[in-house]
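Down below is the structure, laid out as structure tokens.
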Amino acid sequence: MTKEARLIIDGKEYTFPVITGSENEDGIDITQLRNQSGCITLDPGFANTGSCISSIAFIDGEKGVLRYRGIPIEDLAQNSTFIEVAYLLIWGELPSSKQLARFSELLTDNAMLHENLKNHFEGFPWNAHPMAMLSAMINALGCYHKELSDLDAHEAMEAAAARIISKVRTIAAFSYKMTLGEPFIYPAPELRYVSNFLHMMFSVPHKKYEAMPEVVRAIDLMLMLHADHEQNCSTSTVRIVASAGANLFSSISAGVCALWGRQHGGANMAVIKMLEDIYDGGMDAKQCVEMAKDKNNPFRLMGFGHRVYKNYDPRARILKMACDKLFTKLKHSDPLLDIALELEEMALQDDYFQERNLYPNVDFYSGLIMRAIGIPTNMFTVIFAIGRLPGWIAHWREVVEDKKGRIARPRQIYTGYNERHYIPIDKREDK
Ligand code: SDX
């Protein structure tokens, strides 16, 4: 027997079917609400609104659970790699060794950028934010691969995914080199995905950067943990743009812009800025926590809280352990880590944070790992974008392949002027 929801508006009763997901979460299907009642729903921020049915990632926010295509993030963190997880997210299954070898080969073969694309970097000021360059260059990349606009065939989708996942790394590294005024370092075909990225970031013509295995593992883990997160702001943006029929490159470019926001992917930069402010003496941890609780103060404890997780973000737990392991291996210490640990302990014992279920999220520790490796703060969100790319591609594909899909076009409740007439300019007064 299907579950139903009943709504009474102005004394009239309406009935709507309830859809139950594979993890037993219920959603009221209101696709006929306006036709039947003339009403719409209102849910700013969409905290209570499902925009789609999806089978890519599952989050149980109350329990702090995250699974990619059914596999717990802890299992993947322990046993998998970013490229294997990318394949899992996009095509729904872990690749066979043959499929993984082919996908890896496609990534290696597609690491280069068209030489003309290099000229675009010169159009940016030297201090342009790498996220601005990333979004622009991904759209420009699409102009060089028109053949990838029609992606019905598996081979075309595989080629497009490999191209964008491989080239985004090169674009990111070139953006970084551009801000340094250093020559671009080309991808090295003998290196794997992360090692090649670090090579393009940190090698110079006279000295090749050799990444330590522990550093490669830490970045690979970071990318994997960021690979998808169901209907977050940037992924929803990709889905909305895809629903309009936009191609993969322009949909991803829009996702990069959304991710840049400090409330979203930009938080990893804001966490380090907050920790540095405390370290430089501008604030102390207790003061920081008190400021975050003060409703008259716009300050928030960056890297804390989450729309969905009302428990510890499982990714933050994994990153906190990875941070500790990397620091030990590199014999590295960072006073900002000590401050972060103090902040976490203080906040988790504070009623305000406990009552609101505010815990560290994925951004709280990720910046400390990147800092230890020498990645500059303004590249943190770029690393997040590289990680999130497979998820964005998977969601783009899910929208495009939904033959019953419709363009995303929300409604609104209008609170502006009622009808009024045009006033000739000579009859107008300053308002
Ligand atoms: C990411 O959606 C995703 O999945 C995102 C992400 C992904 O992988 O894609 O997980 C990545 O974006 C992680 C979040 C990174 N952002 C930050 O760390 C910025 C700091 N956090 C907050 O701004 C906030 O927690 C959000 C934006 C993450 C969530 O905002 P919500 O869900 O709109 O929460 P809210 O504003 O409704 O907060 C509920 C209450 C409010 O207090 P009251 O009005 O109930 O008294 O909690 C308070 C908020 O003021 N609150 C905080 C807080 N976060 C929420 N108070 C102090 N510090 C914070 N960080």
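Could you point to the residue in Phe380, Phe304, Ile339 farthest towards the positive end of the stretch 252-405's charge dipole, with +1 and -1 charges on the Cβ of Lys/Arg and Asp/Glu respectively?
The listed residue farthest towards the positive side: Phe380.
Could you tell me the convex hull volume per residue, in Å³, taken over the Cα atoms of the stretch 233-272? Before the final figure, lay out the partial values.
Values: hull volume 1.8 nm³, N = 40.
Per residue, the Cα convex hull of the stretch 233-272 comes to 45 Å³.
Could you work out [θ]222 nm for the chain from helices alone, using -39500 (n - 2.57) per DSSP H run of at least four and dividing by all its residues? Round to the nearest 500 deg cm²/dmol.
Helix-only estimate at 222 nm: -16000 deg cm²/dmol.
With only Lys, Arg, Asp and Glu charged, each at its Cβ (+1 for the first two, -1 for the last two), find how big the charge dipole of the chain is about the Cα centre; round to the nearest 20 debye.
Roughly 740 debye for the chain.
Towards the positive end of the charge dipole of the stretch 1-90, with charges on Cβ (+1 Lys, Arg; -1 Asp, Glu), say which of Asn24, Ile59, Gly38 has the farthest Cα.
Gly38
Loop-only check: which GluC sites (Glu not before Pro) in the stretch 1-65 are DSSP coil with at most 12 other Cβ within 10 angstrom?
Passing both the DSSP loop test and the Cβ count: Glu23, Glu25, Glu62.
If you average 1/r across every pair of different Cα atoms in the stretch 134-288 and take the reciprocal, what Kirkwood value do you get, in Å?
Answer for the stretch 134-288: a Kirkwood hydrodynamic radius of 17.8 Å.
Enter the angle in degrees (range 0 to 90, nearest 10) between the Cα long axis of helix 193-202 and the first principal axis of the Cα atoms of the chain, meaning the one along which they spread out most.
70 degrees
Using the alpha carbons of the stretch 320-406, what is the convex hull volume per residue in cubic angstrom, as a whole number?
Cα-based convex hull of the stretch 320-406, divided per residue, equals 149 Å³.
Dipole magnitude of the stretch 31-167 about its Cα centre, charges +1 at Lys/Arg Cβ and -1 at Asp/Glu Cβ only, in debye to the nearest 20?
Values: 10 positive and 16 negative charges, 43 e Å.
My answer is approximately 200 debye.
Using Cβ counts within 10 Å as a stand-in for footprinting exposure, how do Arg428, Arg102 rank, fewest first?
The fewest-first ordering by Cβ neighbours comes to Arg428, Arg102.
Can you list the lysines whose alpha carbon is less than 23 Å from that of Lys12, not counting same-chain residues fewer than 8 positions off?
Excluding near neighbours in sequence, the set is Lys3.
If you average 1/r across every pair of different Cα atoms in the stretch 35-170 and take the reciprocal, what Kirkwood value do you get, in Å?
For the stretch 35-170, inverting the mean 1/r across all distinct Cα pairs yields 18.3 Å.
Against the longest principal axis of the chain, how steep is helix 154-180, in degrees 0 to 90 to the nearest 10, with axes from Cα atoms?
Between the helix axis and the principal axis of the chain, the angle is about 70 degrees.
Across the Cα atoms of the chain, what radius of gyration and what greatest pairwise Cα-Cα distance (Dmax) are found, in Å?
Answer for the chain, Rg first and Dmax second: 23.6, 79 Å.
Tabulate in residue order the Karplus-calculated ³J(HN,Hα) for the stretch 323-336, using 6.51 cos²θ - 1.76 cosθ + 1.60 with θ = phi - 60°, rounded to whole Hz; enter x for Gly and Pro.
So the J values, rounded to whole Hz, are 4, 4, 5, 5, 4, 5, 5, 7, 6, 9, 10, 8, x, 5.
Restricting to DSSP loop positions (anything but H, G, I, E, B) with no more than 12 other Cβ atoms inside 10 Å of their own Cβ, which trypsin sites (Lys or Arg not before Pro) remain in the stretch 287-344?
Qualifying residues, ordered by number: Lys295, Lys331.
Near Leu42, within a Cβ-to-Cβ distance under 13 Å, what is the net charge of the other residues, with Lys and Arg +1 and Asp and Glu -1? It would help to have the intermediate numbers written out before the result.
Details: positive: Arg34, Arg411; negative: Asp43.
That works out to +1.
Give a quick list of chymotrypsin sites (Phe, Trp or Tyr not before Pro) in the stretch 345-426 that DSSP marks as loop, anything other than H, G, I, E or B, with at most 15 other Cβ atoms within 10 Å.
Of the chymotrypsin sites (Phe, Trp or Tyr not before Pro), the ones in loops of the stretch 345-426 whose Cβ has at most 15 other Cβ atoms within 10 Å are Tyr414, Tyr417, Tyr422.
For the stretch 2-61, what log10 I(q)/I(0) values come out of the Debye formula at q = 0.14, 0.21, 0.24, 0.27 1/Å, with one point per alpha carbon and no solvent?
So the normalised log intensities are -0.48, -0.97, -1.16, -1.30.
Where the centroid of each part is defined by its Cα atoms, how far is the stretch 156-235 from the stretch 84-146 in Å?
Their Cα centres are 9 Å away from one another.
Quick one: among Ile369, Ile318, Ile40, which has the greatest mean-square fluctuation in a GNM of the chain with alpha-carbon springs under 10 angstrom?
Sorting by GNM fluctuation, first place goes to Ile40.
Give the relative contact order (percent, whole number) for the stretch 1-132; include only Cα pairs under 8 Å separated by 6+ residues. If you can, show how the numbers build up before the last one.
Working: 91 pairs, mean separation 12.3, N = 132.
Computed over the stretch 1-132, the figure is 9 percent.
Quick check: the angle from helix 248-259's long axis to the longest principal axis of the chain, C-alpha only, nearest 10 degrees?
That works out to roughly 90 degrees.
Most fluctuating residue of Thr415, Thr237, Thr170 in a GNM of the chain with Cα springs under 10 Å: which is it?
Thr415
Give the order of Trp260, Trp126 when sorted by the count of other beta carbons within 10 angstrom, beginning with the fewest.
The most exposed by this proxy come first: Trp126, Trp260.
In a shell of Cβ-Cβ distance under 14 Å around Ile138, excluding Ile138 itself, what net charge do Lys and Arg (+1) and Asp and Glu (-1) give?
Details: positive: Arg163, Lys167, Arg169, Arg388; negative: none.
Net charge around Ile138: +4.
Considering the options Ala101, Met133, His114, tell which one lies farthest towards the positive end of the dipole of the stretch 93-154, charges being +1 on Lys and Arg and -1 on Asp and Glu at the Cβ, about the Cα centre.
Result: Met133.
Calculate the dipole size of the stretch 9-60 relative to its Cα centre from +1 charges on Lys and Arg beta carbons and -1 charges on Asp and Glu beta carbons; express the result in debye to the nearest 20. Each step should come with its number before you reach the end.
Working: 2 positive and 8 negative charges, 55 e Å.
Taking the Cα centre of the stretch 9-60 as origin, the dipole is about 260 debye.
Is there a pair in Lys177/Lys208; Lys286/Lys329; Lys177/Lys325; Lys167/Lys320; Lys118/Lys331 whose C-alpha atoms are over 26 Å apart, and which pairs would that be?
On the way: Lys177/Lys208 14 Å; Lys286/Lys329 31 Å; Lys177/Lys325 29 Å; Lys167/Lys320 29 Å; Lys118/Lys331 38 Å.
Over 26 Å Cα-Cα: Lys286/Lys329; Lys177/Lys325; Lys167/Lys320; Lys118/Lys331.
Read the figures in this text as sums done on the coordinates, not as results from a lab. Note that the coordinates shown come from a computational prediction; the quantities given were computed from them, not determined experimentally. For neighbour counting, all protein chains shown are included, and Cβ atoms are generated from backbone atoms with ideal geometry for every residue, glycine included.
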